[in-house]
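Visitor: Mind looking over this structure? Questions follow.
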Amino acid sequence: MSDVLSQNEIDNLLAALSSGELDADEFKQTTEKHIKNYDFARPSKFSKEHLRTLNIIFEHYGRLLATNLPAYLRKNVQVEVVNSEAVTYSEFTNALSNPVLLGIIDFAPLEGNIIIELADNLGYAIVDRMLGGGGYPLDKVRDFSEIELTIIERIFNVCTNLLREPWANVIEIEPRLMRIETNSQFAQIISPSEMISIVTMNIRIGNIEGMMNVCLPYVCLEQVIDKLNTKYWYSTMQSRDDKSYKDLIEIAISKAKIPLRAVLGKSTISINDFMNMQRGDIIKLNSKVDDELTVYVGNLNKFTALPGASSGSYAVKISSIIRGEE
C-alpha cells in the first residue's frame with residue numbers, strides 16, 4: 001500500500017476530523033528514537049567482531065596457562081575469560097592500584113607493547129608457592145621486593161612465551177618480556193586518550209582467585225586489525241590444522257620411545273625347582289645356540305636376529321624383518 005494519500009483521501013480525512021468522527025489524539029504515535037552520542041575524543045576502533053575474536057584467542061591462551069603453570073606452581077590452575085571491552089588507556093591506568101604487577105611485553109613484529117596486569121594477591125601466592133609454601137597471599141599489602149620480582153618474572157616469561165600459539169592464526173609473533181613495573185605511573189606506553197582493548201581473565205591457583213588483565217592498544221593491533229574476525233581466524237586455523245598439525249604428530253610419533261627385546265629362548269620349570277634354584281644351576285631353553293632369536297617391538301614379533309657382541313656389550317644382528325604381526 002502506498003504511503004502517499006490522494007487528494008480525495010485527504011479531503012475526506014479533514015472532513016472527518018472537523019466533524020469529530022475521528023480523534024486526532026488516537027493517531028499520534030510518539031515513538032522516541034534512541035540516539036547514541038558519538039564521542040569524537042574516543043572513537044570506537046574495536047568492533048564487536050574484533051572483541052569476539054580476541055575472546056576466542058585468549059580462551060586458547062587460558063587453556064595453555066591452565067596446562068603449563070601447574071608444572072611450575074605444583075598446584076591446580078584454572079583460567080576463564082570473563083569479558084573483553086574497549087576503553088581508553090587512561091581509564092585502564094586510573095583503575096590500577098599500587099602496588100601492581102604490570103608486565104610490559106614487546107609484541108614484535110607488531111609495533112608497540114602490550115601489558116599483562118596480574119592481581120597482587122596472585123603475585124604473593126606465586127612467590128609463596130615457588131618458595132615451597134602453601135601458595136597463600138599476604139594479609140597486609142606491601143611492595144614487592146627485588147627477590148620476589150625475580151621469582152615472579154619467571155612466571156611472566158612463561159605467560160609471555162605462551163602468547164605465540166594463540167596468535168599464530170593471525171600473525172607469527174615473537175613476544176618478549178621487557179620489564180615488570182609495580183607502579184602504574186611508569187607504564188605509560190601510549191597516550192592516555194588512545195583506545196585499547198582489555199581482555200579480563202579469572203585465574204584460580206588452588207583456592208586463591210584473582211584477575212589477569214591483558215591490555216592491547218589499538219596502535220599495536222592496527223596492522224592486523226582486519227584479520228581479527230572469526231571468519232578469517234577459523235579459515236586460517238583450518239588450513240593450519242590440515243598442514244602443521246599433521247607434521248607435528250609425525251614428529252611426535254617419530255620421537256616416541258618403544259621397548260625392544262630379544263628373546264634367547266623359553267623354558268618351563270616347576271615351582272619346587274624354582275624355589276630350590278641355586279647359583280650355578282642350568283636352565284635348558286627350547287632353542288639351540290645357532291638358532292635365530294626372536295625380537296619383539298613392544299609385544300609384536302617384528303624381527304629375527306643372530307646373537308653377538310658389540311663394543312663389549314651383548315648385541316643382536318637383524319637377519320630378517322617380519323611383515324605383519326605374528
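The values are calculated or read from the model by the stated rules, or taken from the named source; none is laboratory data. The structure presented is a predicted model; accordingly, all values stated were derived computationally and were not measured. All Cβ positions, even for glycine, are placed from backbone atoms using ideal geometry, and neighbour counts span all protein chains on display.
Visitor: Can you go through 279, 261 and tell me which one is assigned to a loop (DSSP other than H, G, I, E, B), among the basic types (Lys, Arg) and modelled with pLDDT of 85 or more?
Guide: It is 279.
Visitor: Still on this model: Please go through (1) at pLDDT below 85; (2) under 30 Å from residue 50 (Cα atoms) for residue 200 and return the number of the only condition it doesn't satisfy.
Guide: It fails just one condition, (1).
Visitor: Residue by residue through the range 82-105, note down the ones that are in contact with a Leu (Cβ under 8 Å, 6 or more places away or on another chain) and among the polar types (S, T, N, Q).
Guide: Once the filter is applied, which keeps residues that are in contact with a Leu (Cβ under 8 Å, 6 or more places away or on another chain) and among the polar types (S, T, N, Q), the range 82-105 yields only 84.
Visitor: Determine whether residue 89 is in the same structural domain as residue 198 (by TED's automatic domain parsing) and in contact with a Cys (Cβ under 8 Å, 6 or more places away or on another chain).
Guide: yes
Visitor: Might you let me know whether the range 120-142 holds any residue that is aliphatic (A, V, I, L, M), in contact with a Cys (Cβ under 7 Å, 6 or more places away or on another chain) and at pLDDT 85 or above?
Guide: no
Per-residue answers, yes or no, for (1) acidic (Asp, Glu); (2) outside any loop (DSSP other than H, G, I, E, B); (3) free of Cβ contacts under 8 Å to residues at least 12 places away in the same chain:
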residue	(1), (2), (3)
121	no, yes, no
143	yes, no, no
170	no, no, no
177	no, yes, no
196	no, yes, no
200	no, yes, no
213	no, yes, no
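Visitor: Right, something else. Would you pick out the residues in the range 257-282 that are among the β-branched types (Val, Ile, Thr) and either within 25 Å of residue 295 (Cβ to Cβ) or not assigned by TED's automatic domain parsing to the domain that holds residue 302 (or both)?
Guide: Once the filter is applied, which keeps residues that are among the β-branched types (Val, Ile, Thr) and either within 25 Å of residue 295 (Cβ to Cβ) or not assigned by TED's automatic domain parsing to the domain that holds residue 302 (or both), the range 257-282 yields 258, 263, 268, 269, 282.
Visitor: Against the condition under 21 Å from residue 208 (Cα atoms) and among the β-branched types (Val, Ile, Thr), how does residue 170 come out, does it pass?
Guide: no
Visitor: If you scan the range 212-258, which residues turn out to be loosely packed, with under 12 Cβ neighbours inside 10 Å, closer than 27 Å to residue 198 by Cα and at pLDDT 75 or above?
Guide: Answer for the range 212-258, where residues must be loosely packed, with under 12 Cβ neighbours inside 10 Å, closer than 27 Å to residue 198 by Cα and at pLDDT 75 or above: just 226.
Visitor: Here is a further query. In the range 84-114, what residues are among the acidic types (Asp, Glu) and in contact (Cβ under 8 Å) with a residue 12 or more places away in the chain?
Guide: 85, 106, 111
Visitor: I would also like to ask the following. Could you tell me how many of the residues in the range 145-168 are hydroxyl-bearing (Ser, Thr, Tyr) and part of a loop (DSSP other than H, G, I, E, B)?
Guide: Count: 1.
Visitor: Is it fair to say residue 96 is more than 22 Å from residue 56 (Cα to Cα), in a strand (DSSP E or B) and assigned by TED's automatic domain parsing to the domain that holds residue 200?
Guide: Criteria not met by residue 96.
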